[in-house]
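S.K.: Questions regarding the structure given below will be posed in turn.
The values are calculated or read from the model by the stated rules, or taken from the named source; none is laboratory data. Quick caveat, the model's predicted, so the values are computed rather than measured. Glycine also receives a Cβ, built like all others from the backbone with ideal geometry; neighbour counts cover every protein chain displayed.
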Ligand SMILES: Cc1ncc(COP(=O)(O)O)c(C=O)c1O
């Protein structure tokens, strides 16, 4: 049912790509849509712009469909850190408020919260727990709901956590976490850089207040694209900390300087965007993520991972296989030799994968084939065993 053809995914001719958690090959329709915009701009600049005026509204609609929410809750951004800074810096924190996060978050979901310490806000970091009871492993393994529960106080305002941890693929159970936060009147802010495009994510159904995403991983978009989901309730609380022409309702009336920002997602789109990037995002949403269901994409990714596991030499490798509610597109494995060495050897055999903190991350997207997974496992067995 999936179009896995070389025409749809030309990068498959260059080897076996298992690094969709890093920087993905640009999806074909994304590339074509961006090129069409660039060609028009090269031909005539502003004269050629009118047919593209609907790029941003279309993007918000399409991203809204993907997240099962209204277009009004979507903003176009450039990366995860920018989106989280817009939320964190504008959040009505007062001295003594508390934010809970996890000690091994990606920097984009750490520093925006650290900035709040200047206001006297306390950042509490959950320790690493070991949900799979992995022995003899120094790498990050996950965080626990029990510690989160113990860490909440009357002053907890925000829980800031990744949907999927970049190091090991440990996924938060957003249904459980969202219900937990709702009962305690805490805003749940989610970094979904490692999930959107590989796992279903419906923030309103899980009581998530904001979701920040990078576009070049599982969405296979251009480097420097992102999106932000915010609930209306969150936007009602958050002050603007970045402002310019495009977040104001007077739009092209550039000499009308009334303070009149939008109250929907456009409030965070402070100034000129990269329209070729927005065109690319529309292309990949049409070409892949609105064409197939996210449930089917997740199922296919897990199926491909299972084939890989089946062919992997379990005497050589340890596999971090979390229960389904905590499983993701990233399958972390612990090799018997140094990770960087194995990744370099695999690269020489045409297999692209990434190493992080003692783990090799196997991150296949749905368009890979069964034989690719078998081949990848066999190459790793051979390269780790010699
Ligand atoms: C969990 C997570 N968040 C965010 C990012 C990227 O952040 P940014 O979009 O700010 O570059 C990554 C990249 O590896 C990531 O793994």
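S.K.: Quick one: which helices (runs of 4 or more DSSP H) lie wholly within region 1-118 and hold at least 2 residues that are touching a strand residue (DSSP E or B) at 6+ places or on another chain (Cβ under 9 Å)?
M.R.: Details: elements: 28-44, 55-66, 80-90, 111-114.
Per the criteria, 55-66, 80-90, 111-114.
S.K.: Output the residues belonging to region 82-114 that are free of Cβ contacts under 8 Å to residues at least 60 places away in the same chain and within 11 Å of the ligand (Cβ to nearest atom).
M.R.: Within region 82-114, 107, 110, 111, 112 meet the criteria.
S.K.: Further question on the same structure: If a residue must be over 18 Å from residue 221 (Cβ atoms) and buried (at least 22 other Cβ atoms within 10 Å of the Cβ), how many such residues does region 267-306 contain? Spell out the reasoning first.
M.R.: Going through region 267-306, the residues over 18 Å from residue 221 (Cβ atoms) turn out to be 267-268, 270-272, 293, 295-296, 298-300, 302-306.
Remaining after also requiring buried (at least 22 other Cβ atoms within 10 Å of the Cβ): 267-268, 304-305.
The total comes to 4.
S.K.: Modelled with pLDDT of 95 or more, in contact with a helix residue (DSSP H, G or I) (Cβ under 8 Å, 6 or more places away or on another chain) and in a helix (DSSP H, G or I) - does that describe any residue in region 136-146?
M.R.: yes
S.K.: Please determine, by comparing only the residues of region 196-210 that are within 16 Å of the ligand (Cβ to nearest atom) and buried (at least 24 other Cβ atoms within 10 Å of the Cβ), which one is farthest from the chain's Cα centre (by Cα).
M.R.: This residue is 208.
S.K.: Within region 128-146, does at least one residue satisfy the condition of being touching a strand residue (DSSP E or B) at 6+ places or on another chain (Cβ under 6 Å) and surrounded by fewer than 19 Cβ atoms within 10 Å (Cβ to Cβ)?
M.R.: yes
S.K.: Sort out which residues of region 211-226 are within 11 Å of the ligand (Cβ to nearest atom) and closer than 15 Å to residue 109 by Cβ, and write them in order of number.
M.R.: Those that are within 11 Å of the ligand (Cβ to nearest atom) and closer than 15 Å to residue 109 by Cβ: 212, 213, 214, 217, 226.
S.K.: Scan 191, 187 and give me the residue that is crowded, with 22+ Cβ neighbours inside 10 Å, farther than 18 Å from residue 302 by Cα and within 13 Å of the ligand (Cβ to nearest atom).
M.R.: 191
S.K.: Within the group 323, 335, which residue is more than 17 Å from the chain's Cα centre (by Cα) and buried (at least 16 other Cβ atoms within 10 Å of the Cβ)? Before the answer, list the steps.
M.R.: Values: 323 fails: buried (at least 16 other Cβ atoms within 10 Å of the Cβ).
Criteria check complete, one pass: 335.
S.K.: Just the residues that are near the ligand (Cβ under 10 Å from one of its atoms) and without any contact (Cβ under 8 Å) to a residue 12 or more places away in the chain, please, taken from region 65-81.
M.R.: Quick first cut of region 65-81, residues near the ligand (Cβ under 10 Å from one of its atoms) only: 77-81.
Result: no residue meets the conditions.
S.K.: Another question about this same structure. Hey, residue 340 hits all of (1) free of Cβ contacts under 8 Å to residues at least 40 places away in the same chain; (2) buried (at least 16 other Cβ atoms within 10 Å of the Cβ); (3) in contact with a strand residue (DSSP E or B) (Cβ under 8 Å, 6 or more places away or on another chain) but one; which does it fall short on?
M.R.: (2)
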